[in-house]
Amino acid sequence: MKIVDLRCAVIDKHPIVRIVTDEGISGYGQIEFWKPYLKPHVLSLRDRLLGLDPTNVENVMRRIRFRGAFKPWGSAISAIEMALWDVAGKAAGLPVHKLLGGKVRDRVRVYNGGRRFPFAGQEPEDYAEDLRRMMALPEGFTIIKQPISFHSPMARKVEDYHYGEVSQQAFPGLRDTGLMTERGFKHTLACVEAMKEVAGDRIGLALDCGPGWTLPDAQRFAKAVEPLNLLWLEDMLTGDQIPFVNAEVYRDLTTSTTTPIHTGEQIYLRQNFKELIERRAVDVLGPDPCDVGGIAELKWVAEYADLHGILFAPHGTANGLLGLAALLQVSATLPDNFIAFECPIADPDWWGDIVTGLPSPIVRDGFIEVWDSPGMGVDFVVQEARRYLREEDAAFFD
């Protein structure tokens, strides 16, 4: 089998990668919805792949891995890797989890991820009400992660929240940051306490916090919430769009508190997790398969983290239904340090009409049953999907 083409189409802002082979088998990978600008990056790698055997996944990846970087620039490489595994599974007639060593769990725990409601306000009662709505969702999530502080509008909408500059139009990679005022600190703590009062011990509550915190504020806050038994505080110091790791500073935070500290979604490749893991600089790691370099790369990081007593909760908010399938396949094979993965959704809803192979409902009682269809187990309903192609991508499925 040989690769005869590498294609990329933007469907509703999601760049979709297609590996085309000479045996009529195609594999697909999906990039987060806000990265349509990565299409040229994907296509720039085409000539490096032509003529290679796609089932020799590692051999292909050795030719292109050096062309990626920290989020968002690892996404093109990651999507190609997942498309290769999709081809390999389909060619073998096996689910991808079999090719990764086989599943160790028949169902995989997930948390809300893309399932969120617009906040009516930024007061503690607003946060409490939002969590009530989240807990009432039919998916029955047993873990819910909520955005607070610099990972929410709080820093812009709460008066005198911090001493830094207040941005009026945040976008990925540009966030508010700065030392919190006493008022801002107390407000954040009150919002978390309000959510915990609703949650009780019925669900695990995790917080997506930043990045944007100063180390002193992060240390004080992590100590302050210790009585609340939170599952983790995520990306307080670095995270989304931050092109470095800062393991030494994370270790200062982690060793100052019993509240679990989590990071990792922006990091590309196993080598860039090495210091975080070997120094035990965090308690929980959360790489994103669509940014870390793919699912085999994610599995490698999980296994090395497990050897060092570090837990694992992969990121995946905006990875779409193909990204969900990839997360499920790899998470079924991960060691016992696995907690849950962040569940992508069909957004808009019509994605559910153009992707086939998913159960209905996808999530039951906070879990997804692991399916055994070949490849990633999902595929496009081509005639339906063609309706959403841009004019320049009209030949994508040909």
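The values are calculated or read from the model by the stated rules, or taken from the named source; none is laboratory data. In this text, all values refer to a predicted model and were calculated from it rather than measured experimentally. Don't worry about glycine lacking a Cβ; one is built from the backbone with ideal geometry, like all the others, and counts go over all protein chains shown.
Just one of Gly212, Gly200, Gly204 is over 16 Å from the mean Cα position of the chain (by Cα), at pLDDT below 95 and over 30 Å from Gly375 (Cα atoms); which is it?
Checking each option against the conditions leaves just Gly212.
Quick check on this structure: which one of Leu311, Leu324 is within 18 Å of the chain's Cα centre (by Cα) and either surrounded by fewer than 21 Cβ atoms within 10 Å (Cβ to Cβ) or at positive phi (or both)?
After applying the criteria, what remains is Leu311.
Scanning for something out of contact with any Lys or Arg (no Cβ under 9 Å at 6 or more places or on another chain), of a type in the set (D, E, K, R) and not assigned by TED's automatic domain parsing to the domain that holds Ile64, does region 259-270 turn up at least one residue?
Yes, because at least one residue in region 259-270 is out of contact with any Lys or Arg (no Cβ under 9 Å at 6 or more places or on another chain), of a type in the set (D, E, K, R) and not assigned by TED's automatic domain parsing to the domain that holds Ile64.
Taking interchain pairs and intrachain pairs at least six residues apart, which have beta carbon atoms under 6 angstrom, with the first residue in region 269-297 and over 29 Å from Leu321 (Cα atoms) and the second of a type in the set (Gly, Ala, Ser) and crowded, with 24+ Cβ neighbours inside 10 Å?
Between residues of region 269-297 that are over 29 Å from Leu321 (Cα atoms) and residues that are of a type in the set (Gly, Ala, Ser) and crowded, with 24+ Cβ neighbours inside 10 Å, the close pairs are Ile277/Ala305.
Go through region 40-57 and count every residue that is within 24 Å of the chain's Cα centre (by Cα) and closer than 17 Å to Ala69 by Cβ.
4
Only residues in region 113-127 that are hydroxyl-bearing (Ser, Thr, Tyr) count as the first member; pair them with residues that are surrounded by 14 or more Cβ atoms within 10 Å (Cβ to Cβ) and in a loop (DSSP other than H, G, I, E, B), Cβ under 9 angstrom, at least 6 apart or cross-chain, and list the lot.
Tyr127/Phe119; Tyr127/Ile148
Could you please find all residues in region 349-398 being buried (at least 16 other Cβ atoms within 10 Å of the Cβ) and among the acidic types (Asp, Glu)?
Across region 349-398, the qualifying residues are Asp379, Asp393.
State yes or no: is Arg109 at pLDDT below 95, under 30 Å from Met154 (Cβ atoms) and in the same structural domain as Ala155 (by TED's automatic domain parsing)?
So Arg109 fails the test.
What tally of residues in region 18-68 results from selecting those that are without any contact (Cβ under 8 Å) to a residue 60 or more places away in the chain, of a type in the set (Asp, Glu) and in contact with a helix residue (DSSP H, G or I) (Cβ under 8 Å, 6 or more places away or on another chain)?
1
For region 184-200, what are the residues that are of a type in the set (D, E, K, R) and either free of Cβ contacts under 8 Å to residues at least 24 places away in the same chain or in contact with a Lys or Arg (Cβ under 9 Å, 6 or more places away or on another chain) (or both)?
Of everything in region 184-200, just one residue is of a type in the set (D, E, K, R) and either free of Cβ contacts under 8 Å to residues at least 24 places away in the same chain or in contact with a Lys or Arg (Cβ under 9 Å, 6 or more places away or on another chain) (or both), namely Lys186.
How about region 107-157: which of its residues are within 15 Å of the chain's Cα centre (by Cα), assigned to a strand (DSSP E or B) and of a type in the set (D, E, K, R)?
Arg109, Lys145, listed by residue number.
Which count do you get for residues in region 95-109 that are closer than 12 Å to Leu327 by Cβ and either among the β-branched types (Val, Ile, Thr) or loosely packed, with under 15 Cβ neighbours inside 10 Å (or both)?
Residues flagged as closer than 12 Å to Leu327 by Cβ and either among the β-branched types (Val, Ile, Thr) or loosely packed, with under 15 Cβ neighbours inside 10 Å (or both) within region 95-109 amount to 2.
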